[in-house]
């Protein structure tokens, strides 16, 4: 039963029969009980509106909105709302797509609505206030039925004394839920709390000099403070490192003597926010691609100077990539297999990781091409930089260009204001994995070839040339040489990509690895399903080995998971496998593959040790052999004690 159906049944039993399933999340269970005790109507059709003294919350709103907009820019267009509430659970500010805002308005999920537990029952906003911790409430986990089309992730915002002063919430369609959503909300809340603390300290003017020294030098961003005459008063260590200049070249100089950019040397109390520019240094003629916030500083309503916060675009993108999951997780140590052909490909990939050359990974679907790409990245000097994957066959041709190269402000109707960076910019310094490269159109191949050759990109509709340092790993299940001969793939691009080719074997070519892969997938799924590791009968392995595996490792993983989900006893036999595995008739008659006897013995010993948590006496009894024989077999197969 799918999670949503299961929770729906639990909700109905609790609402109509007052029966509570103990397998539910403790947070949800406790909240349902509280909701019923408070006589919350689970079938109410609208949220409850309450009057709010909005002026009281202006400092919180003004501080939170930039972070809300930053969070919204990540989820824009996907049906999500970013919402700020006060400490009582009343909505103060909503940002989202027009259609989603309209859906929210239909149930009065709007500014001024009361979304506390007392009003709406279990929901991320109200429940996070009650338990004073971040929480994600999924679909039917909501107590009120009108909320069950949504999944909400919320975290309370605290003041410097630890008191809850508000809640930040992201709500969206239940089917688009992801654990990373709550992580992004928590990160944004921490940033808001940090910003509020800075404002409080600034307003009180507590030991300004010590504050500047301690805070600015410990910030990741570069800081520059200058007075109304444009004289630089203070810079932090990060700025000196960024510009490669010392105190004497900066402090005491006029800002116009150091920089050439008109937008930042203007002697006016002008506020710039997230202003992207190429920072030009007069002394060295160096140029830095940065994001600038220019904040006027006032004392008793009088402008006394400005502070500039300068962030390197590359570091911001690394942070966004981290939040968005644009990181390689697989390493070579995660690779499962001992077949000589497979090990040879692993060695080829390790050699490729030591270079900066482009790699072309070939192989059937499901053979692990992206896993190899991630492992190469994690073994390379670029391992701490972004790993961004894009499926060239899964994106419409007219959109692939803007995905890869980005677009400038006003490049086309509906383009985001300020433009958008493409995958090449986001992957700068790291690796770009181009999956299904054989599906790319000839027009796009021309643009890709230019970027690879020139190591620079121009956004669609733009003119600025942006240098990019990206390592390309491409993959395809097509024969690109044949595609070149057909004229559907450019020969010059093929040669650019085919510097270090790696052709992965199909599962049919490395059937000796099937027992190892099966053990790995069973162990992984048993842990996830909280089941004991089952005994595996030889006929189970034999059936898997005789199957022809058109879907390769991906199909094997699917079969193992499907089998374990239906398993009701602690033993796996051929009868537990799907019919297509048992009755396959596509295996060549001449092909007879058997599990090597020694491998079977080794796997039996490993399985017995797993079952009895390393207890050798019980493991030997389980296999029906003496302890001394068990020890000899462990030594023979080099199994550590």
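Can you name the number of the only condition in (1) more than 19 Å from the chain's Cα centre (by Cα); (2) modelled with pLDDT of 90 or more that residue 417 fails?
Single failed check for residue 417: (2).
For the subset of the stretch 89-131 comprising residues that are under 20 Å from residue 57 (Cα atoms) and under 27 Å from the mean Cα position of the chain (by Cα), which member is surrounded by the fewest Cβ atoms within 10 Å (Cβ to Cβ)?
Among them, the one singled out is 95.
Table: residues versus (1) over 30 Å from residue 176 (Cβ atoms); (2) at pLDDT 85 or above.
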{"site": "269", "(1), (2)": "yes, no"}
{"site": "280", "(1), (2)": "yes, no"}
{"site": "303", "(1), (2)": "yes, yes"}
{"site": "317", "(1), (2)": "no, no"}
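Could you grab me the full set of residues in the stretch 188-201 that are in contact with a strand residue (DSSP E or B) (Cβ under 9 Å, 6 or more places away or on another chain) and surrounded by fewer than 16 Cβ atoms within 10 Å (Cβ to Cβ)?
Within the stretch 188-201, the first condition is being in contact with a strand residue (DSSP E or B) (Cβ under 9 Å, 6 or more places away or on another chain), and the residues that meet it are 188-190, 192-193, 196.
Across the stretch 188-201, the qualifying residue is only 190.
For the stretch 219-229, how many residues meet the condition of being surrounded by fewer than 18 Cβ atoms within 10 Å (Cβ to Cβ) and either in the same structural domain as residue 197 (by TED's automatic domain parsing) or more than 38 Å from the chain's Cα centre (by Cα) (or both)?
3
Consider residue 352 carefully, then state whether it is in contact with a strand residue (DSSP E or B) (Cβ under 9 Å, 6 or more places away or on another chain), within 28 Å of residue 468 (Cα to Cα), at pLDDT below 90 and buried (at least 19 other Cβ atoms within 10 Å of the Cβ).
No.
Go through the residues of the stretch 452-472 one by one and say whether even a single one is modelled with pLDDT of 90 or more, under 25 Å from residue 332 (Cα atoms) and outside any loop (DSSP other than H, G, I, E, B).
Within the stretch 452-472 (the criterion being modelled with pLDDT of 90 or more, under 25 Å from residue 332 (Cα atoms) and outside any loop (DSSP other than H, G, I, E, B)), the answer is yes, since at least one residue qualifies.
Take residue 492 and tell me if it is under 30 Å from residue 427 (Cα atoms) and not in a loop (DSSP other than H, G, I, E, B).
Answer is yes for this residue.
Modelled with pLDDT of 70 or more, outside any strand (DSSP E or B) and over 29 Å from residue 457 (Cβ atoms): does that describe residue 256?
So residue 256 fits the description; yes.
Looking at this structure, is residue 443 surrounded by 13 or more Cβ atoms within 10 Å (Cβ to Cβ) and in a helix (DSSP H, G or I)?
No: the conditions fail for residue 443.
Which of the residues that make up the stretch 381-420 are crowded, with 21+ Cβ neighbours inside 10 Å and either assigned to a loop (DSSP other than H, G, I, E, B) or not assigned by TED's automatic domain parsing to the domain that holds residue 349 (or both)?
Result: 382, 385, 386, 392, 406.
Which of the residues belonging to the stretch 349-375 are closer than 21 Å to residue 455 by Cα and touching a helix residue (DSSP H, G or I) at 6+ places or on another chain (Cβ under 7 Å)? Let's see the steps before the verdict.
Within the stretch 349-375, the subset closer than 21 Å to residue 455 by Cα is 352-360, 373.
Selection gives 352, 353, 358, 359, 360.
Can you give me the number of residues within the stretch 526-537 that are surrounded by 14 or more Cβ atoms within 10 Å (Cβ to Cβ) and assigned to a helix (DSSP H, G or I)?
1
So, in the stretch 235-253, how many residues would count as being outside any helix (DSSP H, G or I) and either out of contact with any helix residue (DSSP H, G or I) (no Cβ under 6 Å at 6 or more places or on another chain) or surrounded by fewer than 16 Cβ atoms within 10 Å (Cβ to Cβ) (or both)?
The total comes to 6.
Of the conditions (1) at pLDDT below 90; (2) closer than 25 Å to residue 602 by Cα, residue 520 clears all except one; give me its number.
(1)
Looking at 395, 376, 437, can you tell me which residue is within 25 Å of the chain's Cα centre (by Cα) and more than 30 Å from residue 341 (Cα to Cα)?
Only one candidate passes the filter, namely 395.
Would the stretch 176-196 turn up any residue that is in contact with a helix residue (DSSP H, G or I) (Cβ under 9 Å, 6 or more places away or on another chain), modelled with pLDDT of 70 or more, over 30 Å from residue 133 (Cα atoms) and not in a loop (DSSP other than H, G, I, E, B)?
no
Return yes or no: is residue 366 touching a residue at least 40 places away in the same chain (Cβ under 8 Å), within 21 Å of residue 477 (Cα to Cα) and assigned to a loop (DSSP other than H, G, I, E, B)?
Values: touching a residue at least 40 places away in the same chain (Cβ under 8 Å): yes; within 21 Å of residue 477 (Cα to Cα): yes; assigned to a loop (DSSP other than H, G, I, E, B): yes.
Criteria met by residue 366.
Select from the stretch 498-518 the residues that are surrounded by fewer than 19 Cβ atoms within 10 Å (Cβ to Cβ) and in contact with a strand residue (DSSP E or B) (Cβ under 9 Å, 6 or more places away or on another chain) and write down the one among them that is farthest from residue 573 (Cα to Cα).
Looking at residues that are surrounded by fewer than 19 Cβ atoms within 10 Å (Cβ to Cβ) and in contact with a strand residue (DSSP E or B) (Cβ under 9 Å, 6 or more places away or on another chain), I get 499.
Only one residue in 325, 337, 368 is at pLDDT 80 or above, under 27 Å from the mean Cα position of the chain (by Cα) and over 30 Å from residue 254 (Cβ atoms). Which one?
Criteria check complete, one pass: 368.
Residues that are in contact (Cβ under 8 Å) with a residue 40 or more places away in the chain, assigned by TED's automatic domain parsing to the domain that holds residue 8 and under 28 Å from the mean Cα position of the chain (by Cα): does the stretch 44-58 have at least one?
no
The values are calculated or read from the model by the stated rules, or taken from the named source; none is laboratory data. Remember, predicted model here, so these are calculated numbers, not experimental data. A quick note on method: Cβ atoms are made from the backbone with ideal geometry, for glycine too, and the neighbour counts reach across all protein chains shown.
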